[in-house]
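Here's the structure we're looking at; comments come further down.
The values are calculated or read from the model by the stated rules, or taken from the named source; none is laboratory data. None of the values given here were measured: they were computed from a predicted structure. Neighbour counts are summed over all protein chains in view; Cβ atoms, including those assigned to glycine, are modelled from backbone coordinates with ideal geometry. These area figures cover heavy atoms from the full protein model, side chains too; ligands, DNA and RNA do not enter into them. Shrake-Rupley method; radii C 1.70, N 1.55, O 1.52, S 1.80 Å.
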Amino acid sequence: MYRTLTAFQDQRPGTAGLRKKVTVFQQPHYLESFIEAVFQCYPGLKDSTLIIGGDGRFYNNKAIQTIVKMAAAKSVKKIVVGKHGYLSTPAASHLIREYNAAGGFILTASHNPAGPKGDFGIKFNVSNGGQASEQLTEAIFACTRSLEKYELEELDDINIDHIGICKLAGTEMEVEVIDPVESYALLMQRLFDFTAIRNMLAGNFKFRFDAMHAITGPYAKQIFRELLGADESSLMNCLPQEDFGGGHPDPNLVYAKELVNIMMPEDASGNVPDFGAASDGDGDRNMILGRGIFVSPGDSLAVISANAHRFPGYSDGLPGVARSMPTSRAVDAVAAELSIPCFETPTGWRFFCNLLEDGRIGICGEESFGTSSDHAREKDGLWAVLAWLNLLALERKPVSEIMQAHWNHFGRHYYQRHDFEELDADVANKLIVGLQETLPKLVNTTLCGHNVTVADEFSYLDPVDNSVSHQQGIRIVMGDAARIVVRLSGTGTQGATLRLYLERFERENITMAPEAALSDLAATARSLLNLENMAGRNAPDLVT
């Protein structure tokens, strides 16, 4: 059955799908417009299998029912959906590959707040389990701007709260409701030494995992509690809620404050766990903590890469590694020692997918707390946590000693990301334009005691398909000594977020606090952008 609509002009997907306020998605025909555009722009969905699931946020189940009815109208052969509508983003990516599906709809706004007044998001992942290409998302956007109608079968809602298989009345489409954790948990057992981790947890080792009332709660219960034998007290906030408990499900030092206070208390005389970790709304991000220490995303990527050959799933070694351009260069040093390539890509997981598909890399990561490997085509928070648990089971040393040994060997890349949130979009663009105009004057000048060797906008030539991506962030590089990177984020739903990435390398002086090591770079970056005069900001809203 066809229904008419007036075309929407605001449905351009970002690097991780379409994200808007729930109230925007609740407009008549808004969700349907985007889904219809996907069906029209992506070939091969007829007579295919589709994976559907999300992070459990408000509006997820309503969206699932709509997609099922539209898929029936498009003659999709089979729908696979997680029980209760649950699927973490990495688990959905894995299932697309396991079922040889044509693709999947993942319902999430990732780390953004949820609830009736919060955010909602939807993205389409293609047949390799990875995010849609820029060419596809642009085609979808163009389609939505001229769309006049969509197709939907008038069907009763399906029951997604019970595992089983059924055929929809009056259609040829089969719907299979699955355990959202089972297949993913089996995959993790192939990649990591669960026996070693279980033996460690059976001893005096204590840890905390914070699911932040989001999707990884059921995964944590099944993997950490049932399979690995962790004590119930190890798990925090593991009941998914439609509003994520009213919190901001971003696993960083600010929003995961409950966990941070446990791992880094002001009075350290108490019983502090050995290891702490958190994941975000849809399960693709991670934060790693030790007793009294925060491990930056770049350092975590480097340590995992340096030790991957010790894990069962990576015992043959890595063909290469990759990081997004703003991510610290710590993994570069590891790659150099291992004599493997290290690729520098733009921000956005889809840039890693070509490298993964072509077998050029085994592990990759980005600055926004995302790390993963060739087991999926999305970043994977629980995968990173299990990698650390496997390493700790092998080393039997505190996280702080593991990091100290790593820095002693490779040197330390001090690193921070400073976020200036909800800037007026016009002001944010003017800040970027002003810095762009300054770039030609910076090369061969001295900043923070270092000679500027590169000042440009990063462009990326994909070595697999030879595509070129321009304007992927501003770089001010001071050789191997330091970097300032500036870019606008595309993951928010209000205003603009300006991000400064600060990095300083030290071979010998590796015991400073990051804020002290980077204070001069931070002040220089704010001055170059003219942030205080142009935007009235003299300090970031968020430091991670």
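Please report the accessible area of THR15 (heavy atoms, 1.4 Å probe, ligands and nucleic acids excluded) in Å², nearest 10.
Counting only protein heavy atoms, THR15 exposes about 60 Å² to solvent.
Using the alpha-carbon centroid of each, what span in Å lies between the range 73-115 and the range 153-212?
When both Cα centres are located, 12 Å separates them.
Label points 7 Å out from Cα along the Cβ direction at ALA7 and ASN128: separation in nm?
Label-label distance for ALA7 and ASN128, simple model: 3.1 nm.
Of the cross-linked pairs LYS74/LYS149; LYS20/LYS77; LYS62/LYS123; LYS46/LYS379, which ones have a Cα-Cα span greater than 18 Å in the structure shown?
Violating the 18 Å Cα-Cα cut-off are LYS20/LYS77; LYS46/LYS379.
Please give the per residue accessible area of the chain, computed with a probe of 1.4 Å over protein heavy atoms only, in Å².
Solvent-accessible surface per residue comes out at 38 Å².
Which sequence of LYS397, LYS77 reflects their accessible areas, 1.4 Å probe, from the largest down?
The residues order as LYS77, LYS397, largest area first.
Calculate, for THR438 and ASP47, the FRET efficiency according to 1/(1 + (r/R0)^6) with r their C-beta to C-beta distance and R0 41 Å; round to the nearest 0.05.
E(calc), rounded to 0.05, equals 0.15.
Per-residue ellipticity at 222 nm for the chain, helices alone: DSSP H runs ≥ 4 residues times -39500 (n - 2.57), over residue total, nearest 500 deg cm²/dmol?
That calculation yields -9500 deg cm²/dmol at 222 nm.
Sort 117-129, 460-472 by the packing proxy (mean of other Cβ within 10 Å over each peptide's residues), most packed first.
Top to bottom by mean Cβ count within 10 Å: 117-129, 460-472.
Taking the dipole about the Cα centre of the chain, with the C-beta of Lys and Arg at +1 and of Asp and Glu at -1, give me whichever of ASN237, GLY479, SER279 is farthest to the positive side.
Ranked along the dipole, the leading option is GLY479.
In whole Hz, what ³J(HN,Hα) sequence does the range 472-483 give by Karplus (6.51, -1.76, 1.60; θ = phi - 60°), x for Gly and Pro?
9, x, 8, 10, 10, 10, 10, x, 7, 7, 6, 8
For VAL76, what is the net charge nearby, where nearby means another residue's Cβ is under 12 Å from its Cβ and Lys, Arg count +1, Asp, Glu -1?
Net charge in that neighbourhood comes out at 0.
Compute the length gained on full extension between GLU357 and THR445: take 0.36 nm times their separation in residues and subtract their Cα-Cα distance, giving the result in nm to one decimal.
27.6 nm
At 1.4 Å probe size, put HIS406, HIS248, HIS84 in order of accessible surface, largest to smallest.
HIS84, HIS248, HIS406
What dipole magnitude, in Debye to the nearest 20, does the range 400-518 give about its Cα centre under +1 on Lys/Arg Cβ and -1 on Asp/Glu Cβ?
Magnitude of the dipole: close to 280 debye.
With the dipole of the range 88-214 worked out from charges on the C-beta (+1 for Lys and Arg, -1 for Asp and Glu) around the Cα centre, which of LEU155, THR171, ALA211 lies farthest toward the positive end?
Towards the positive end, the residue furthest out is ALA211.
Any chance you could run the full-extension gain for ASP465 through THR23? It's 0.36 nm times the residue separation minus the Cα-Cα distance, nm to one decimal.
Stretched out fully, the ASP465 to THR23 stretch lengthens by 155.2 nm.
Take the solvent-accessible surface of the protein heavy atoms, probe 1.4 Å, and return the percent of it on the range 63-185 that carbon and sulfur atoms account for.
On the range 63-185, the fraction of accessible area on carbon and sulfur atoms equals 45 percent.
With charges set only on the Cβ (+1 for Lys and Arg, -1 for Asp and Glu), what does the dipole of the chain come to about its Cα centre, in debye to the nearest 20?
Dipole about the Cα centre, nearest 20: 160 debye.
Placing unit charges on C-beta atoms (Lys and Arg positive, Asp and Glu negative, everything else neutral), compute the dipole magnitude of the range 21-109 about its Cα centre in debye, rounded to 20.
Once rounded to the nearest 20, the dipole reads 140 debye.
Quick check: residue separation of ARG145 and ALA481 times 0.36 nm, minus the Cα distance between them. What number comes out in nm?
116.3 nm
Which of the listed residues, GLN9, VAL427, ALA333, is farthest toward the dipole's positive end in the chain, when Lys, Arg count +1 and Asp, Glu count -1 at the beta-carbon?
ALA333
To the nearest 10 square angstrom, how much accessible area does LYS206 have with a 1.4 angstrom probe?
My reading of the accessible area for LYS206 is about 100 Å².
Starting from the Cα of LYS441, draw a straight line to each of the lysines and keep only those under 28 Å, dropping any in the same chain fewer than 8 residues away.
LYS430
Determine how large the accessible area of TYR150 is when every protein chain is in place; take a 1.4 Å probe and give Å² rounded to the nearest 10.
Rounded to the nearest 10, that gives 0 Å².
Which of the lysines could a cross-linker bridge to LYS397, judged by Cα under 23 Å and excluding same-chain residues fewer than eight apart?
Filter leaves LYS206.
Throw me the Rg/Rh for the chain, computed over C-alpha atoms with Kirkwood Rh, two decimals.
Result: Rg/Rh = 0.96.
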